[in-house]
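S.K.: The structure is given below, and queries will be raised subsequently.
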Amino acid sequence: MGISKTDEDWMQHALSLADKAEAMGEVPVGAVLVKDGQMAGEGWNQPITLHDPSAHAEVMAIRNAGKAIENYRLPNTTLYVTLEPCTMCSGLMIHSRIQRIVFGAYDPKTGAAGSVFDTLIDERHNHTIEVVGGILETECSNHLKAFFKKRRAQKKG
């Protein structure tokens, strides 16, 4: 039997995926979907690269997992993402029947897992999702802050 990964371990993997997004000139957000302790899908932000406003890290991870599992429903899974999901991604998680979301940095502008909206736990939906926020929050937040600081400096220069 293999060693079980912790929430922090999976978040570290999501951070490595955020690096892939940054290398492509995208906002550095990474996501990994886990089922039964194994990675089912991963993704990173690619809306600029793919010319697709829906190509958020969560969407890419869920799409990849659906293909791998061969099902559009993803029960008993946990999605790890470096930034609190937006309303679009939260809606997708609800429709996918994801059980649990673990995110790093809070998003005080568009966060839909408690910061601005509480989409995932709203019992008016036919499915609610367990939410755990702030895992490796400082590391995830610093990753994003450094990216935007660098981007602002490039625009000035």
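The values are calculated or read from the model by the stated rules, or taken from the named source; none is laboratory data. Being a predicted model, the structure only gives us computed values, none of them experimental. FYI the Cβ positions are ideal-geometry reconstructions off the backbone, even for glycines, and counts take in every protein chain you see. For accessibility, only protein heavy atoms count, side chains too; no ligands or nucleic acids. Shrake-Rupley method; radii C 1.70, N 1.55, O 1.52, S 1.80 Å.
S.K.: Take the residues in segment 36-49 that are open to solvent by 10 Å² or more (accessible area, probe 1.4 Å) and small (Gly, Ala, Ser), then tell me which one is nearest to residue 64 (Cα to Cα). Lay out the reasoning, then the answer.
M.R.: Taking segment 36-49 first, the residues open to solvent by 10 Å² or more (accessible area, probe 1.4 Å) are 36-40, 42, 44-49.
With the extra rule that they be small (Gly, Ala, Ser), the set shrinks to 37, 40.
On the way: 37: 17, 40: 8 Å.
Among those that are open to solvent by 10 Å² or more (accessible area, probe 1.4 Å) and small (Gly, Ala, Ser), it is 40.
S.K.: Only one residue in 84, 123 is open to solvent by less than 80 Å² (accessible area, probe 1.4 Å), charged (D, E, K, R) and out of contact with any Pro (no Cβ under 7 Å at 6 or more places or on another chain). Which one?
M.R.: On the way: 123 fails: open to solvent by less than 80 Å² (accessible area, probe 1.4 Å).
From the options 84, 123, the qualifying one is 84.
S.K.: If residue 85 satisfies every condition in (1) within 24 Å of residue 147 (Cβ to Cβ); (2) out of contact with any His (no Cβ under 9 Å at 6 or more places or on another chain); (3) not polar (S, T, N, Q) but one, which is the exception?
M.R.: (2)
S.K.: Here's something else I'd like to know. Among the candidates 144, 136, single out the residue that is open to solvent by 30 Å² or more (accessible area, probe 1.4 Å), of a type in the set (A, V, I, L, M) and over 18 Å from residue 38 (Cβ atoms).
M.R.: Just one listed residue meets the conditions, 136.
S.K.: On to the next question. Could you tell me whether residue 74 is open to solvent by less than 10 Å² (accessible area, probe 1.4 Å), in a helix (DSSP H, G or I) and in contact with a helix residue (DSSP H, G or I) (Cβ under 6 Å, 6 or more places away or on another chain)?
M.R.: So residue 74 does not fit the description; no.
S.K.: Have a look at 96, 54, 115, 16 and point out the one that is under 22 Å from residue 138 (Cα atoms) and touching a Pro at 6+ places or on another chain (Cβ under 9 Å). Give the derivation first.
M.R.: Numbers: 96 fails: under 22 Å from residue 138 (Cα atoms); 54 fails: under 22 Å from residue 138 (Cα atoms); 16 fails: touching a Pro at 6+ places or on another chain (Cβ under 9 Å).
Of the residues listed, the single one that is under 22 Å from residue 138 (Cα atoms) and touching a Pro at 6+ places or on another chain (Cβ under 9 Å) is 115.
S.K.: Inside segment 117-157, can you point out the residues that are β-branched (Val, Ile, Thr), farther than 16 Å from residue 81 by Cβ and in a loop (DSSP other than H, G, I, E, B)?
M.R.: Selection gives 128 alone.
S.K.: If I ask for residues that are open to solvent by 80 Å² or more (accessible area, probe 1.4 Å), modelled with pLDDT under 95 and either of a type in the set (Asp, Glu) or out of contact with any His (no Cβ under 9 Å at 6 or more places or on another chain) (or both), which ones from segment 1-35 would you list?
M.R.: Residues satisfying the conditions are 1, 3, 4.
S.K.: Check off (1) farther than 20 Å from residue 8 by Cα; (2) touching a Cys at 6+ places or on another chain (Cβ under 9 Å); (3) in a loop (DSSP other than H, G, I, E, B) for residue 59 and give me the number that stays unchecked.
M.R.: (3)
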